[in-house]
Amino acid sequence: MNTAAKAARTIREQTIDVLRRYELITIFSNPGSTEVGFLANLPADFEFILGLHEGSVVGMATGHALATCRPALVLLHTAAGYGNAVSAIATARANRAPLVVVVGQQDRRHLAYEPFLAGRLAGLAGQYPVWEYVPPRAQDVPGAVARAWHEARDRRGPAVVVVPMDDWSALADEHVAPASPMDVHTGRKASDDAIAQLSELLAEAETPCLVAGAGNDTPEGWAALVKLAERLDCPVFQEAFGARAGFPQDHRLFAGHLPAIRSRLRSVLSPYDAVLVIGAAAFRQYVYDSGDFTAPGTRIAVITDDIEEAHRSPAERVLHADPADTVRRLTARLSARTGATPPVLRNGLAPPTDGEPLRAAHVLAALAERLAPDTVVVEETPSSRPDLHALLPVRKPLGFLSAAMGGLGFAMPTAIGFRRATPDRPVVAILGDGSSLYSVQALWSAAHYGVGVLFIVLANGRYAIMDRLSEKEGSPAPAWPAFTELSVSALARGLGCPAERVEHQAELVSILDKILPDLSDRHEPLLLEVAVEADPTYMS
């Protein structure tokens with residue numbers, strides 16, 4: 001036998017080496033026939049994590065990527081799998097989650113005839129991937145996967161590579177240089193002149209305030225922003241609908257979350273003549289309202305490392321740079337001052353009396369009294385989110401995660417992926433019952449892989465936020481029915497996940513007191529379906 005033929009490797013083997021180099025050895029997937037050539041006889045150092053729906057697959061990978069701050073690997077099945085995953089891919093993009101997404105395709109040799117399972121994959125996810133590539137030859141696949149890692153990391157989003165199924169068995173060309181670098185060193189540093197100009201803007205302000213965003217959610221970002229806030233002795237708000245927290249919300253200078261409607265935003269910011277936003281765009285909104293974001297004369301500046309946020313912010317000055325480094329250097333230029341910061345009043349809520357139905361705020365208040373400071377709260381309860389923000393302050397970096405673009409199906413799988421990647425931190429997912437149905441099948445993965453997440457499902461048997469919005473439009477009754485017969489706990493048990501239904505405060509407190517002290521050591525998921533009465537109002 002020819003020696004060269006003996007030594008020849010396949011594209012699969014070469015790609016396996018690439019995946020090891022970039023530590024992409026955990027595969028999140030719901031596989032199909034177009035991926036079998038890659039998955040058969042998977043090396044022992046690789047771990048395969050099964051999800052029962054592609055949205056859950058991408059969601060678990062998103063949680064893993066956010067926890068590790070490194071790209072995670074997703075394997076999807078041609079058009080059907082890729083199509084099912086598009087919403088979760090869009091959410092991963094908005095949440096800045098770096099993902100390497102490999103999508104299977106039919107055999108190249110008869111793609112021209114559009115055989116069964118052939119997919120028109122280019123552009124299927126629209127503009128949500130940060131990079132999408134169909135290698136022109138099998139020999140270009142390893143380099144494309146390597147480049148996808150760099151694209152995902154540096155552009156902080158899902159990078160997609162489409163691989164026809166016969167490529168895996170094709171012979172590699174060891175003499176072809178991969179179309180990607182071995183390593184890339186990145187770092188955007190604001191110029192001294194830009195920081196000097198920003199410091200002048202703040203020094204000239206009589207009543208400045210700060211706004212923290214998801215892009216500042218790192219230990220370095222938190223520490224730097226605390227020093228700046230204390231130097232200025234000014235209030236710090238959290239951006240509206242932020243996917244993560246950018247400042248400790250138990251700090252004396254934390255002033256709460258900004259409103260997500262312009263008229264209320266103008267009112268909240270009216271006392272301040274300068275607003276510096278760190279790690280977010282200026283300003284995120286929900287329901288449209290007319291008028292400007294701030295009162296006339298208010299100066300706005302932004303520091304963000306996201307170029308899209310920089311470009312869409314209506315600000316006087318924008319620094320596209322690393323938030324932590326920029327804030328540290330900015331603080332060094334400013335003199336200490338004493339402000340007239342009013343105390344921030346926290347919302348409190350008395351427990352329900354005998355016979356009084358539980359409300360979401362009762363549940364959240366009970367959690368607030370018991371959660372450890374390092375607990376990660378993953379949120380997907382739209383109608384109760386204002387209460388959650390008021391009652392559950394985020395006290396540690398990466399202590400809060402939410403879907404940045406608002407699509408449902410995020411919390412369950414993301415909590416699972418996050419917990420697997422950071423087994424030393426307790427994780428609690430708080431969802432509405434309607435929200436939970438978008439990725440309830442993820443509970444099977446949590447149970448199968450022994451992932452100790454506590455899922456709190458606030459069950460009011462309806463889409464409460466839609467009911468309230470419908471009422472604002474003048475509709476006395478919504479067009480959609482309630483679903484009070486639904487049992488999320490029964491669905492969970494059917495998927496192998498332990499679950500209990502809770503209807504009274506005493507039951508809730510008893511279970512929380514039993515579960516929460518040892519949550520960080522737990523290796524089994526638990527779902528609590530808590531029956532709550534829908535809130536009569538909603539304020540975004």
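The values are calculated or read from the model by the stated rules, or taken from the named source; none is laboratory data. Since the structure is predicted, the reported quantities are computational estimates derived from the model, not experimental observations. FYI the Cβ positions are ideal-geometry reconstructions off the backbone, even for glycines, and counts take in every protein chain you see. SASA here: full protein model, heavy atoms, side chains in, ligands and nucleic acids out. Shrake-Rupley method; radii C 1.70, N 1.55, O 1.52, S 1.80 Å.
Helical runs assigned H by DSSP (4 residues or longer) give the chain a calculated mean residue ellipticity at 222 nm of -10000 deg cm²/dmol, each run adding -39500 (n - 2.57) before division by the residue total. Taking amide hydrogens as placed 1.01 Å from N in the peptide plane, the amide H of GLU132 sits under 5 Å from those of VAL160, each at least 5 positions away in sequence or on another chain.
Taken about its Cα centre, region 370-415 carries a charge dipole of about 140 debye when Lys and Arg each add +1 at the Cβ and Asp and Glu each add -1 at the Cβ. Prolate is the label for region 94-223, because a/c, from the alpha-carbon gyration tensor with a ≥ b ≥ c as root eigenvalues, is 1.5 or above and a/b exceeds b/c.
Each eigenvalue of the Cα gyration tensor of region 29-160, multiplied by 5 and square-rooted, gives one semi-axis; in descending order these are 22, 16, 15 Å. The amide H of THR10, built 1.01 Å from its N in the peptide plane, has ALA172 as neighbours under 5 Å, considering only residues 5 or more places off or on other chains.
Taking 0.36 nm per residue of sequence separation and removing the Cα-Cα distance, the GLU485/GLU524 pair yields an extension gain of 11.3 nm.
Annotation: amide H of GLU533 within the under-5 Å range of LEU358, ARG359, ALA360, sequence separation 5 or more or interchain, hydrogens built in the peptide plane.
Only aspartates and glutamates eight or more places from LYS227 in sequence, or on another chain, were considered; those with a Cα closer than 13 Å are ASP325.
In terms of packing, defined here as the mean over residues of other Cβ atoms within 10 angstrom, the peptides 414-423, 113-122 line up highest first as 414-423, 113-122.
Calculate how many DSSP beta bridges within the chain are antiparallel, expressed in % of all such bridges and rounded to the nearest 5. In the chain, DSSP labels about 0 percent of beta bridges as antiparallel.
Please name which of LEU39, VAL100, MET60 has its Cα lying farthest along the dipole of region 1-124 towards the positive end, using unit charges on Cβ (Lys, Arg +1; Asp, Glu -1) and the Cα centre as origin. Result: VAL100, furthest along the dipole toward the positive end. Highest mean packing first, where packing is the average number of other Cβ atoms within 10 Å per residue, the peptides 145-156, 60-71, 324-335, 506-517 line up as 60-71, 145-156, 324-335, 506-517.
Considering only protein heavy atoms and a probe of 1.4 Å, how much of the accessible area of the chain is carbon and sulfur, as a whole percent? Solvent-exposed carbon and sulfur of the chain make up 53 percent of the total.
The largest accessible area among GLU369, GLU309 belongs to the first residue in GLU369, GLU309, and the rest follow in falling order (1.4 Å probe, all chains).
In region 118-246, taking the dipole from charged Cβ atoms about the Cα centre, the farthest positive-side position among VAL141, ALA118, ALA152 is held by ALA118.
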